[in-house]
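After the structure tokens below, expect a handful of questions from me.
The values are calculated or read from the model by the stated rules, or taken from the named source; none is laboratory data. Predicted model only: the values in this text are computed from it and were never measured. Neighbour counts are summed over all protein chains in view; Cβ atoms, including those assigned to glycine, are modelled from backbone coordinates with ideal geometry. Ligands, DNA and RNA are excluded from the accessible area calculation, which covers all protein heavy atoms including side chains. Shrake-Rupley method; radii C 1.70, N 1.55, O 1.52, S 1.80 Å.
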Number of protein chains: 2
Amino acid sequence: MTPGAPIGRRPGTESSRADLIAAARTLFAEMGYDKASVRAIATKAKVDPALVYHFFGSKEGLLKATLEFPFDPAATLSVAADHSGDEGSALLRQVLQIWTVPLIRQQFVAMLRTGMSHDHAREVLRDVLTQQLVGRLAQRLEGPDAEFRAALVATQVAGLALARFIVGIEAIAQRSDEDIVAAVGPTLTRYLHGDIGQTPA
Amino acid sequence: MTPGAPIGRRPGTESSRADLIAAARTLFAEMGYDKASVRAIATKAKVDPALVYHFFGSKEGLLKATLEFPFDPAATLSVAADHSGDEGSALLRQVLQIWTVPLIRQQFVAMLRTGMSHDHAREVLRDVLTQQLVGRLAQRLEGPDAEFRAALVATQVAGLALARFIVGIEAIAQRSDEDIVAAVGPTLTRYLHGDIGQTPA
């Protein structure tokens, strides 16, 4: 035990919280959001069901926690922002790097399954993606189309991740990172800062 | 009854086949490919389990049938090919039109859920997407990068469909078709025929 760490372990530690998220991620993905009960999730996590309300406020709060991005997109974006010459390619290199972690891929599959399992879960997935991904990227862009530009980037990155890391379409999965960056980087750069055909309002 | 139609209804009609696909689509999506038994699917479809083998050869054959595209991408592509001036935009207009049908969206959600439900289902989804979508589009392109180009188009279209029709990211879902075409059409045109940064082999 680390010197200075609390002696003994109370219910309600960070470890219980993480256990609940892991159990919920599995059961939401397997059974769908609607059918996975709070009791079943707590039993799987080996914690008291009351802790779901303690940590997350509600079953919906727990759902949001399972749908959170397995990495911090804002950190990725700020690294990419340093390469102002070709921001699209820099951003894409970061994204490709993150996806090589198997846990990220597993969590994304669970996220997609949960999001597709129930209309309400899909709405929460939409909110999470809009706030955590599109919203944060849009903050770094300028002009009335900032959110549209950020969302366009998200569509291309999501489709690419699906083909390269989740479904494994060979023509995409077998290419080197640099081939992908050469083909797709200019798309992202145009979506971020280029002409996307909008007429001024 | 239509004059000339067969009198009475044998087991093994087209209607039983469609009922089996519909039942399998629901159960694979709800329970996952592995857990949905042939017997349970046949019971739901109200047909004899033997018909699964009659029509599809195996449970895997039935899986493939549920993952088939709800529309014919080759037909879409051939329409788009008539607009040789800006093929990317023409292709995209067709795709946006097809996705307005609610049944297409529902089937795509089921397809994605089934594909994520089991490693084997994901492999079958990969094969179906590769053959039905990437392969057919690649046949219409030229050069050593034909398949890579076709797959790049698929990544952008898939991510866009996910954001606009499935998850409903507002910044994408609320735009007019023409805004989307103006922003994304040039991406597809470049992937189809433009410079994607490949050096000659």
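Where the label is 7 Å out from Cα toward Cβ, how close does B:Gln139 come to the same position in every other copy, in nm, shortest first?
Nearest first, the other copies' label points are 4.9 nm away.
What percent do you get for the relative contact order of the stretch A:94-201 when only Cα pairs under 8 Å and 6+ apart count?
Over the stretch A:94-201, the number comes to 21 percent.
Let me ask something else about it. Is it possible to state the helix-based mean residue ellipticity at 222 nm for chain A, with each DSSP H run of 4+ residues giving -39500 (n - 2.57), the sum divided by total residues, to the nearest 500 deg cm²/dmol? What is it? Numbers along the way, then the final one.
Details: 12 runs with 129 residues, N = 201.
So the calculated ellipticity at 222 nm is -19500 deg cm²/dmol.
If the protein assembly as shown were replaced by its equivalent ellipsoid, with semi-axes equal to the square roots of 5 times the Cα gyration tensor eigenvalues, what would those be, largest first, whole Å?
Equivalent ellipsoid semi-axes, largest first: 34, 34, 18 Å.
Just counting partner chain Cβ atoms within 10 Å, what average do the residues of peptide B:159-166 show around their Cβ?
So the per-residue partner count for this stretch is 6.
Picking from A:Pro144, A:Pro49, A:Pro186, which is most flexible by a Gaussian network model of chain A using Cα springs under 10 Å?
A:Pro144
Using only the alpha carbon atoms of chain B, find the Kirkwood hydrodynamic radius as the inverse mean reciprocal pair distance, in angstroms to one decimal. All intermediate terms of the calculation are to be shown ahead of the outcome.
Numbers: mean 1/r = 0.0533 Å⁻¹.
Evaluated over chain B, this radius sits at 18.8 Å.
To continue, here is another question. Which of rounded, prolate, oblate describes the stretch A:102-188, given a ≥ b ≥ c as roots of the alpha-carbon gyration tensor eigenvalues and a/c under 1.5 marking rounded, otherwise prolate only if a/b is larger than b/c?
Judged from the Cα gyration tensor, the stretch A:102-188 comes out oblate (a/c at least 1.5, b/c at or above a/b).
Just to check I understand the Karplus step: with θ = phi - 60° and J = 6.51 cos²θ - 1.76 cosθ + 1.60, what whole-Hz values come out for the stretch B:41-54, glycine and proline as x?
For the stretch B:41-54, the Karplus curve yields 5, 5, 4, 4, 7, 6, 9, 5, x, 4, 5, 4, 6, 4 Hz.
Tell me, what is the percent relative contact order of chain B, built from C-alpha pairs under 8 Å that lie six or more residues apart?
21 percent
List the GluC sites (Glu not before Pro) within the stretch B:138-201 that fall in a DSSP loop (any state other than H, G, I, E or B) and whose Cβ has at most 11 other Cβ atoms within 10 Å.
Listed in order of number, the matching sites are B:Glu142.
What do you get for the angle between helix B:177-193 and the principal long axis of chain B? Use alpha-carbon atoms, 0 to 90 degrees, nearest ten.
Result, in degrees: 80.
Just to confirm the number: angle between the C-alpha axis of helix B:119-128 and the first principal axis of chain B, 0 to 90 degrees, nearest 10?
Approximately 60 degrees, to the nearest ten.
List the lysines whose alpha-carbon lies under 25 Å from that of A:Lys64, not counting same-chain residues fewer than 8 positions away?
Within the straight-line limit of under 25 Å, A:Lys64 reaches these lysines: A:Lys35, A:Lys44, A:Lys46.
Taking both sides together, what accessible area is buried at the B/A interface, probe 1.4 Å, expressed in Å² and rounded to the nearest 100?
3700 Å²
Moving on to the next point. Roughly how many Å² of B:His54 are accessible to a 1.4 Å probe, to the nearest 10?
Ignoring ligands and nucleic acids, B:His54 comes out at about 120 Å².
Here is a further query. How much of the accessible area of the protein assembly as shown, probe 1.4 Å, is carbon plus sulfur, in whole percent?
Carbon plus sulfur share of accessible area: 52 percent.
Would you please give the residues with an amide H less than 5 Å from that of A:Arg140, counting only those at least 5 places away or on a separate chain, with H modeled from the backbone geometry?
Here nothing satisfies the definition.
Under a 1.4 Å probe, what is the accessible area of the stretch A:123-201 per residue, stated in Å²?
Value returned for the stretch A:123-201: 41 Å² of accessible area per residue.
Most mobile of A:Gly32, A:Gly168, A:Gly143 per a Gaussian network model of chain A (Cα springs, under 10 Å)?
Among A:Gly32, A:Gly168, A:Gly143, the largest mean-square fluctuation in the Gaussian network model of chain A belongs to A:Gly143.
Now for a separate question. Can you tell me the orientation of helix A:14-31 relative to chain A, as the angle in degrees between its alpha-carbon axis and the longest Cα principal axis, to the nearest 10?
Compared with the principal axis, the helix lies near 70 degrees.
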